[in-house]
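Peer 1: Please read through the structure below; I'll follow up with questions.
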Amino acid sequence: MLRNMSIRKRLLVILTLVYIFSMVGAIAGGYYIFDRDSVREAKEKTELFTTVMTANQKFMARNVRPEIMDLLPDTYFPAATVGIVMMGEAAQLIQEDYPEYIFKIASPNPLNPDNRSDSFENSIIAGFDNGDYEEWAGTVTKAGERFYATAVPIEARKSCIWCHDTPEVAHPDMVEEYGTESGYGYEVGDVVGGRFIYVSMTATDEITMQKLAIFGGGISLLFLIAMLFIDRIVISTVVKPIEEIVEVAVDISRGKMDREFNVKGNDEIKLLADAFNRMKVSLAKAMDILRK
Ligand code: HEC
């Protein structure tokens, strides 16, 4: 196919092919690098968020809960004594300002139906239960939105049982609020759920796309300039001189022996023109001899 094209077209086709392959390679490589960056950024955000939440919980467990248990041993006050409840409340406050941070204590058997685990969370919790991993981190897409997520298992301890055993032994205020259907039957050592932290990657994904667009645009511009430049050079140093040689050769073949092959420069085409000039001289001599 290339053989039947003019030199200029052939060169443009080759350059276009090189452009397409370079573009595919550059975009794929660029995406890999930029995406790794945005995952790293989401991971850092997640770690900070986790640290803040854990610090809240530790503070409550060390400084608040013992005091409350001492002062009001029979009071049902989960917001100040149950880490999971307190963290859920704190996370909601954080979310008002940073909606991309989602904190969820998920369980397939929840007191609060809002905490019911979805299919992704169920599979991770099942992995904890089977001992496949001790914590989980990675990206996950939910309803079209990509998140960086981390999860750790939540195991039932002795201290949990009085609220999560049966509705009969749980505090009546709690049973009144959450009902008797779900959230009970915990046994010590069971993996009863997972603490999931999600950070939306929508914003960082958009930045990745912008970076890719600038990157691809830059490469395209460079190629365009290079193609125009190479095209000009090929026209002036190859195509034009050859066309001139052809024109002169046609004239000479029609008897206009006064025409000269004139090529500037010092390249192969100049050598060709010189050779043609010598051939013209020999031809003229041979014709002279013939005429005599
Ligand atoms: C004082 C009672 C109480 C104790 C003790 C308690 N919880 Fe809960 N737990 C609750 C309440 C109330 C909720 C519902 C919070 C909400 O509305 O989001 C809850 C929610 C949960 C959830 C989220 C799913 C759900 O049921 O809505 C898990 C998992 C959980 N608790 C596990 C534990 C574990 C593990 C312990 C022991 C370390 C524990 N709980 C101790 C009262 C308690």
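The values are calculated or read from the model by the stated rules, or taken from the named source; none is laboratory data. Keep in mind the model is a prediction, meaning the values are calculated, not measured. Note that we place each Cβ from the backbone using ideal geometry, even for glycine, and neighbour counts take in every protein chain shown. Just the protein is used for accessible areas: all its heavy atoms, side chains included, with ligands, DNA and RNA removed. Shrake-Rupley method; radii C 1.70, N 1.55, O 1.52, S 1.80 Å.
Peer 1: In the list 69, 23, which residue meets the criterion of being part of a helix (DSSP H, G or I) and at pLDDT below 90?
Peer 2: On the way: 23 fails: at pLDDT below 90.
It is 69.
Peer 1: So, residue 215, is that one under 36 Å from the mean Cα position of the chain (by Cα), farther than 30 Å from residue 111 by Cβ, open to solvent by 100 Å² or more (accessible area, probe 1.4 Å) and among the aromatic types (Phe, Trp, Tyr) or not?
Peer 2: Against the criterion (under 36 Å from the mean Cα position of the chain (by Cα), farther than 30 Å from residue 111 by Cβ, open to solvent by 100 Å² or more (accessible area, probe 1.4 Å) and among the aromatic types (Phe, Trp, Tyr)), residue 215 does not qualify.
Peer 1: Does segment 13-34 contain any residue that is under 20 Å from residue 140 (Cα atoms) and touching a helix residue (DSSP H, G or I) at 6+ places or on another chain (Cβ under 7 Å)? Give the steps one after another, and end with the answer.
Peer 2: Residues of segment 13-34 that are under 20 Å from residue 140 (Cα atoms), as a first pass: 31-34.
From the residues that got through so far, the ones that are touching a helix residue (DSSP H, G or I) at 6+ places or on another chain (Cβ under 7 Å) too are 31, 34.
For segment 13-34, residues under 20 Å from residue 140 (Cα atoms) and touching a helix residue (DSSP H, G or I) at 6+ places or on another chain (Cβ under 7 Å): present.
Peer 1: Given the criterion in contact with a Pro (Cβ under 6 Å, 6 or more places away or on another chain), of a type in the set (Val, Ile, Thr) and in contact (Cβ under 8 Å) with a residue 12 or more places away in the chain, identify the matching residue among 269, 207, 242, 252.
Peer 2: After applying the criteria, what remains is 269.
Peer 1: Residues 161, 125, 154: which one is in contact with a Pro (Cβ under 7 Å, 6 or more places away or on another chain) and within 13 Å of the ligand (Cβ to nearest atom)? Working first, answer last.
Peer 2: Values: 161 fails: in contact with a Pro (Cβ under 7 Å, 6 or more places away or on another chain); 154 fails: in contact with a Pro (Cβ under 7 Å, 6 or more places away or on another chain).
So the residue among 161, 125, 154 that is in contact with a Pro (Cβ under 7 Å, 6 or more places away or on another chain) and within 13 Å of the ligand (Cβ to nearest atom) is 125.
Peer 1: Could you go through segment 130-146 and let me know if any residue there is closer than 24 Å to residue 89 by Cα, open to solvent by 50 Å² or more (accessible area, probe 1.4 Å), near the ligand (Cβ under 9 Å from one of its atoms) and not hydrophobic (A, V, I, L, M, F, W, C).
Peer 2: no
Peer 1: In addition: Among 73, 108, 99, which is surrounded by fewer than 12 Cβ atoms within 10 Å (Cβ to Cβ) and within 16 Å of the ligand (Cβ to nearest atom)?
Peer 2: 73
Peer 1: Okay, next question. So, in segment 239-266, exactly how many residues are at negative phi, under 54 Å from the mean Cα position of the chain (by Cα) and open to solvent by 40 Å² or more (accessible area, probe 1.4 Å)?
Peer 2: Looking only at segment 239-266, we keep the residues that are at negative phi, and these are 239-254, 256-264, 266.
Narrowing the set further to residues that are under 54 Å from the mean Cα position of the chain (by Cα) leaves 239-244, 264, 266.
After this cut, where a residue has to be open to solvent by 40 Å² or more (accessible area, probe 1.4 Å) as well, the list is 240, 242-244, 264, 266.
So the answer is 6.
Peer 1: For segment 267-279, does any single residue satisfy the condition of being closer than 30 Å to residue 145 by Cα and either at pLDDT 95 or above or surrounded by fewer than 12 Cβ atoms within 10 Å (Cβ to Cβ) (or both)?
Peer 2: Narrowing segment 267-279 to residues closer than 30 Å to residue 145 by Cα: none.
Checked against the condition, which is being closer than 30 Å to residue 145 by Cα and either at pLDDT 95 or above or surrounded by fewer than 12 Cβ atoms within 10 Å (Cβ to Cβ) (or both), segment 267-279 yields no hits at all.
Peer 1: Mind checking which residues of segment 84-96 are near the ligand (Cβ under 8 Å from one of its atoms) and either of a type in the set (Lys, Arg) or closer than 13 Å to residue 52 by Cα (or both)? Walk me through it before giving the result.
Peer 2: We begin by selecting, within segment 84-96, every residue near the ligand (Cβ under 8 Å from one of its atoms); these are 84-85, 88.
Listed by number, the list holds a single entry, 88.
Peer 1: Consider residue 187 carefully, then state whether it is within 16 Å of the ligand (Cβ to nearest atom), open to solvent by 30 Å² or more (accessible area, probe 1.4 Å), assigned by TED's automatic domain parsing to the domain that holds residue 94 and assigned to a loop (DSSP other than H, G, I, E, B). Don't jump to the end; show me each part of the working.
Peer 2: On the way: within 16 Å of the ligand (Cβ to nearest atom): yes; open to solvent by 30 Å² or more (accessible area, probe 1.4 Å): yes; assigned by TED's automatic domain parsing to the domain that holds residue 94: yes; assigned to a loop (DSSP other than H, G, I, E, B): yes.
Yes, satisfied.
Peer 1: Continuing with this model, one more query. Would you mind finding the one in 63, 115 that is out of contact with any helix residue (DSSP H, G or I) (no Cβ under 7 Å at 6 or more places or on another chain), at pLDDT 90 or above and closer than 25 Å to residue 46 by Cα? I'd like the intermediate steps shown before the answer.
Peer 2: On the way: 63 fails: closer than 25 Å to residue 46 by Cα.
The conditions single out 115.
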